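Novice: Structure in structure tokens, see below.
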Amino acid sequence: MSNGLVNTRDQQFVLFEQLGIEKLFATEKFKDFSKDDVLMMQNEAEKMAINVILPTYTEGDKEGCHLKDGNVSIPKSYKDAFAKFKEGGWMCPTKSPDVGGQGMPVVMATAYLELFSAANIAFCMYGGLTIGAAGLIEKFGTEEQKNKYMYKMFSGEWGGTMCLTEPGAGSDVGALKTTAKRLPDGTFSISGTKCFISAGDHDLTPNIIHPVLARIEGDPPGTGGISIFIVPKYKVKEDGSLGKLNDVHTGNVEHKMGIKGNATCTLNFGDDGKCIGELLGKEKEGMKVMFHMMNEARLEVGMQGLGHGTAAYEHAVQYAKERIQSVPVWEMKNPDAKSVAIIQHPDVRRDLMWMKSYVEGIRAMNYFAAYCMDMAESSSSKEDHDKWHGFVELLTPLCKAFSSDRGFDVCNKAIDVYGGYGFCQEYPVEQYLRDCKIAAIYEGTNGIQSLDLVGRKLGQRKGANMMAMMGLIGATIAKAKAIEDLKKYAVKLEEAFNCVVELTMTLAGLGKSANFLVPILYASPFLDIFGDLLMGYFLMDAASIAEEKLGAIYQEAGAEESKGKQRGLIRTNADVAYYAGKVASAKFFATEILPTIKGRCEVIKAGDKIALEIADESFTII
Ligand SMILES: Cc1cc2nc3c(=O)[nH]c(=O)nc-3n(C[C@H](O)[C@H](O)[C@H](O)COP(=O)(O)OP(=O)(O)OC[C@H]3O[C@@H](n4cnc5c(N)ncnc54)[C@H](O)[C@@H]3O)c2cc1C
């Protein structure tokens, strides 16, 4: 069930067989949903992704965005696609029906988002940022602000952005220079420049609502002094109609390596001293408010990594089955040997296996994080809520950074599978690679995510979130060790697990020692190691389920004792082929990747500080 972008069979496996999301439908919050609804909407989402969004992919990349006479134009094809996307009810499916949504579990919407992300993230970002910004007004806005802005944003009538970054304030948001001056009527005069603002200006909607971080004059420096303001591109009159331009001007549209269909803008606020902003939430709580949007956005960026990875993998498999090149290595000396499809060559198979296992592991991790959000929201006790929310907190930097980095690596390998054709624009894989790269950078670079993991998330709730995650992994190891076919692979997972536990304890003990910089220095490799352990866990969990399903099918077909019959079934029974593939992913990962964890942990534990100690002057010869 591949549509060339996403394996919808694997989506269903994760949703129903691995996570068992039907449990959600037994809760009060999600009682109106059923498995049939999930499947029906998956079908609709697939049609939207393939028939409406995908055709904008290459075209949008070629056309790009342009600034002319102060106005920004985006790819023409996006307009019709956006209208259909809105009509289809895809703007805010997880939001309550009161604001125009469907109250859908996040995990359902996440599966559909995978399809949309695989089709074109540059397009999806226009809607995604709008809903994120509207969500801030929903949570922190006054009734008046909700009536004025929020509903029109949730419906997609107006657009939205997030305005944090400035030329001198990227990772260090607290260094921002944008100011807010109190006006007698309670509003604020906003003045400053924001750069790299996604969907910052465009001709898709008649108005754009910017949540802007700024410092009220006199407030303290750093993040603690930042407030957030609603700044519409066009002022909104009492009756809801549009007034004058709010002194928000686009200074530049970036020329980028990827997501060219999304307008990344420099926005100048208040050049003429006439830009009016309304305080959103409380003064000096701007970062707290913005983090509400950023945490959700980080999970969505993780899905962008997955979206590109899955599309690149599906394309690579298809290509490898069709491209005929070279005789098999074992027939090299046979002058009559025929060239075969490249999928027959061991090196290509290994690459495909690598891509398959990461794509499946990343899918399971991201869906699990989304499922935890739903479980937290629908739980009846504080204890349950905290447990599920704890998983989300712990996994957010991993979903964001690990999915985007490995998603990029999968795109890279896809280009290798295509050979020279992969480097050329006739095939989409080079665009996947270019478009995917940004996911490692925005919403806090992956370097910053690793610091968040090591510096904050590991120790959160006195380590209870981490312990709960380790508890899940431990249980899966025990389950898989009891399955004969998985036993030796489960032992590899156990070895990796023990190494990571030991390393985590070592790092935790360094906080107040002379080696306190070691966890910071090695935060990125630690995130990679932890991510690989999680991949091993999700894949092993999936494999143990698949083994049970295979056992039942073999029993029914009288093939339990015959490997030959089992191999025959792979060719005639799609379920057998699929489940055998799941088992293969876990075995491959346990054999190829998990054993490297031990050595990588040793490197960090050794705590070498060469990178810190080398003089700046020694990095290059002047
Ligand atoms: C296409 C695109 C779209 C974007 N969309 C938006 C948007 O919609 N809204 C918005 O507000 N911003 C947006 N951004 C900005 C983006 O979030 C920033 O580029 C990013 O946060 C990094 O900031 P910077 O570019 O200034 O890099 P810097 O902060 O200068 O970082 C450069 C390098 O130094 C590292 N570094 C910095 N500080 C530390 C530290 N303390 N410890 C360790 N390493 C550190 C970083 O990890 C990075 O590797 C976008 C950027 C791009 C390119």
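The values are calculated or read from the model by the stated rules, or taken from the named source; none is laboratory data. Because the structure is predicted, anything quoted here is derived from the model rather than measured. Backbone-built Cβ (ideal geometry, glycine too); neighbour counts: all protein chains shown.
Novice: Looking at residue 288 and the list (1) surrounded by fewer than 21 Cβ atoms within 10 Å (Cβ to Cβ); (2) in a loop (DSSP other than H, G, I, E, B), which single condition is not satisfied?
Specialist: (2)
Novice: Suppose we keep only residues that are more than 24 Å from the chain's Cα centre (by Cα) and polar (S, T, N, Q) within the range 126-179. Which one would you say is nearest to the ligand (Cβ to nearest atom)?
Specialist: Filtering the range 126-179 for residues that are more than 24 Å from the chain's Cα centre (by Cα) and polar (S, T, N, Q), the one nearest to the ligand (Cβ to nearest atom) comes out as 178.
Novice: Taking interchain pairs and intrachain pairs at least six residues apart, which have beta carbon atoms under 9 angstrom, with the first residue in the range 198-212 and in the same structural domain as residue 252 (by TED's automatic domain parsing) and closer than 16 Å to residue 137 by Cβ and the second hydroxyl-bearing (Ser, Thr, Tyr) and surrounded by fewer than 22 Cβ atoms within 10 Å (Cβ to Cβ)?
Specialist: Correct list of pairs: 207/234; 208/234.
Novice: Grab the helices (runs of 4 or more DSSP H) fully contained in the range 105-197, keeping just those with 3 or more residues being surrounded by 24 or more Cβ atoms within 10 Å (Cβ to Cβ). Explain how you work it out, then say what you get.
Specialist: On the way: elements: 106-119, 121-140, 151-154.
Output list reads 106-119, 121-140.
Novice: In the range 228-273, which residues are under 18 Å from residue 191 (Cβ atoms), touching a strand residue (DSSP E or B) at 6+ places or on another chain (Cβ under 8 Å) and part of a loop (DSSP other than H, G, I, E, B)?
Specialist: Scanning the range 228-273 gives 233, 246, 247, 270, 271, 273.
Novice: Enumerate the helices (runs of 4 or more DSSP H) found wholly within the range 417-516, keeping only those where 1 or more residues are within 16 Å of the ligand (Cβ to nearest atom). Write out each step before concluding.
Specialist: On the way: elements: 429-437, 446-452, 464-481, 487-510.
Qualifying helices (runs of 4 or more DSSP H): 429-437, 446-452.
Novice: When only residues in the range 159-168 that are of a type outside the set (Val, Ile, Thr) and out of contact with any Phe, Trp or Tyr (no Cβ under 7 Å at 6 or more places or on another chain) count, which is farthest from residue 210 (Cα to Cα)?
Specialist: Going residue by residue through the range 159-168, those that are of a type outside the set (Val, Ile, Thr) are 159-160, 162-164, 166-168.
Right, trim to out of contact with any Phe, Trp or Tyr (no Cβ under 7 Å at 6 or more places or on another chain) and you get 160, 162-164, 166-168.
On the way: 160: 6, 162: 6, 163: 7, 164: 10, 166: 14, 167: 18, 168: 20 Å.
Residue satisfying both the conditions and the ranking: 168.
Novice: Identify all residues within the range 206-227 that are within 16 Å of the ligand (Cβ to nearest atom) and either outside any strand (DSSP E or B) or basic (Lys, Arg) (or both); write none if there are none.
Specialist: Pass one, the range 206-227, residues within 16 Å of the ligand (Cβ to nearest atom): 208-215, 222-223, 226-227.
Hits for the range 206-227 are 215, 222, 223.
Novice: Restricting to the range 2-16, count the residues that are closer than 16 Å to residue 370 by Cα and surrounded by fewer than 22 Cβ atoms within 10 Å (Cβ to Cβ).
Specialist: So the answer is 2.
Novice: Search the range 474-526 for residues being free of Cβ contacts under 8 Å to residues at least 60 places away in the same chain and of a type in the set (Phe, Trp, Tyr), and hand back the single one that is surrounded by the most Cβ atoms within 10 Å (Cβ to Cβ).
Specialist: Within the range 474-526, the match that is surrounded by the most Cβ atoms within 10 Å (Cβ to Cβ) is 497.
Novice: Could you count how many residues in the range 296-337 are assigned to a helix (DSSP H, G or I) and either surrounded by fewer than 17 Cβ atoms within 10 Å (Cβ to Cβ) or in contact with a Cys (Cβ under 6 Å, 6 or more places away or on another chain) (or both)? Write out each step before concluding.
Specialist: Looking only at the range 296-337, we keep the residues that are assigned to a helix (DSSP H, G or I), and these are 296-322, 329-331.
Now drop any that are not either surrounded by fewer than 17 Cβ atoms within 10 Å (Cβ to Cβ) or in contact with a Cys (Cβ under 6 Å, 6 or more places away or on another chain) (or both), which leaves 299, 302, 308, 312, 318, 321-322, 329-331.
Residues that pass the stated criteria total 10.
Novice: Same structure again: Could you check the range 255-275 and list, in sequence order, the residues that are more than 16 Å from residue 162 (Cβ to Cβ), within 11 Å of the ligand (Cβ to nearest atom) and in contact with a Cys (Cβ under 8 Å, 6 or more places away or on another chain)?
Specialist: 258, 260
Novice: Before we move on, is residue 104 within 22 Å of the chain's Cα centre (by Cα), over 19 Å from residue 246 (Cα atoms) and more than 16 Å from the ligand (Cβ to nearest atom)? Spell out how you get there, then give the answer.
Specialist: Values: within 22 Å of the chain's Cα centre (by Cα): yes; over 19 Å from residue 246 (Cα atoms): yes; more than 16 Å from the ligand (Cβ to nearest atom): yes.
Yes; evaluated as a whole, the condition is true for this residue.
Novice: If you check every pair at least six apart or on different chains, which have Cβ atoms under 7 Å apart with a residue in the range 587-606 that is over 19 Å from residue 506 (Cα atoms) first and a residue that is exposed (fewer than 13 other Cβ atoms within 10 Å of the Cβ) and hydroxyl-bearing (Ser, Thr, Tyr) second?
Specialist: Sorted first by the residue in the range 587-606, then by its partner, the list stays empty.
Novice: Select the helices (runs of 4 or more DSSP H) contained entirely in the range 525-622, then report the ones holding at least 1 residues which are in contact with a Ser or Thr (Cβ under 6 Å, 6 or more places away or on another chain). Give the derivation first.
Specialist: Numbers: elements: 563-572, 574-592, 594-606, 610-613.
Fully inside the range 525-622 and qualifying: 574-592, 594-606.
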